[in-house]
Structures are given as structure tokens and as C-alpha cells.
């Protein structure tokens, strides 16, 4: 039986941590609302609570990133930002996106637009999402691919400058 004070159950430490996590999640989502379609008056619905990777991240003790990460097929891709010591697989990368009407040329990687900083070749580029730069390249399978999907494999890796991000 739960302890009560004044007829109300006392909040557990876990209850307080969950409330703090939700508060941080809501303020972070509201702050970056332009990119996420959340405004200053946004309040989470049940699906938001169940599906949010940011809320999950905060509940597991990790802080929000200083800026939203790129996405992979509409899901936040935290690993590509934080796991910079290894390349990450991309299912698709388009380095020659028609930029007519766009302010700057861009690349489309796993359905997320990145600023195209430098096109090194037809199979390699330097791209930027927010303030972070990445190298994108097509894996050289040398005819060893078992199927067409493996042959068309791409990688992306964060570019680090002297032990810290650029």
C-alpha cells in the first residue's frame, strides 16, 4: 500500500524523475519547434509520449543535443552524431539533388536533406546538417556484393577536428 499525506499518495523518486524528464522534453521540443512542427503551446499527446526518441533519450539519463540531430526516414539519428568513431550505413544517398528553388545545393541521405558543402566525386561528398559536417561515400564492393542492395551501399561519418566536432 502506498504512503499517503493529506489523502494523496506521496510521489516516488521515479515519479519526480519522470516529471522532470517530461518538462525538459517539452521545453526542448518547443525550443526547436520550427524543425519539429511543435510550437510554443505544444502539449504532448499519448502517441507523442510513446514514440518520442527525445523523451526516451532524456528518460535514460542522456541530455538533449545542442541542436536536433539529422533524421533517418523521419526518425532522429542520434548515433550518427554521437558515434563519430565509426561509419554508419545509409540505405540511400542522393548527392545530385536538383537544387532549383532551393537556397543552397543539398544532398538527400536516408530521406533527410543535408547542405552539400563539397562534392568530391560522384560517390563522395562533404555535407552538413546544422553545424556538424559529415563525409558521405559509396562503399566499394568491388563486385563482391551478393545482391544489388549491398552493391548500392553508402556510408556516412561525422567529421571530427582535433578531437572535437566542427
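Any read-out appearing in this document is the output of simple, stated calculations on the displayed coordinates, not a laboratory observation. Quantities reported herein were computed from a predicted structural model and do not represent experimental measurements. All Cβ positions, glycine included, derive from the backbone under ideal geometry; neighbour counts span all protein chains shown.
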> How far apart, in nm, are two points set 7 Å out from the Cα along the Cα-to-Cβ line at residue 140 and at residue 117?
Replying inline: 2.3
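Given a Förster radius of 45 Å and the C-beta distance between residue 19 and residue 104 as r, what FRET efficiency does 1/(1 + (r/R0)^6) yield to the nearest 0.05? Show your work: numbers first, answer last.
Details: r = 41 Å, r/R0 = 0.92.
Once the sixth-power term is evaluated, E becomes 0.60.
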> Among 52, 23, 74, which comes first, second and so on when ranked by fewest other beta-carbon atoms within 10 Å?
Replying inline: 74, 23, 52
> If the chain between residue 160 and residue 86 were fully stretched, how many nm would it gain, using 0.36 nm times the residue separation less the Cα-Cα distance?
Replying inline: 25.5 nm
> Between residue 73 and residue 51, how many nm apart are label points set 7 Å from Cα along the C-beta direction?
Replying inline: 1.4
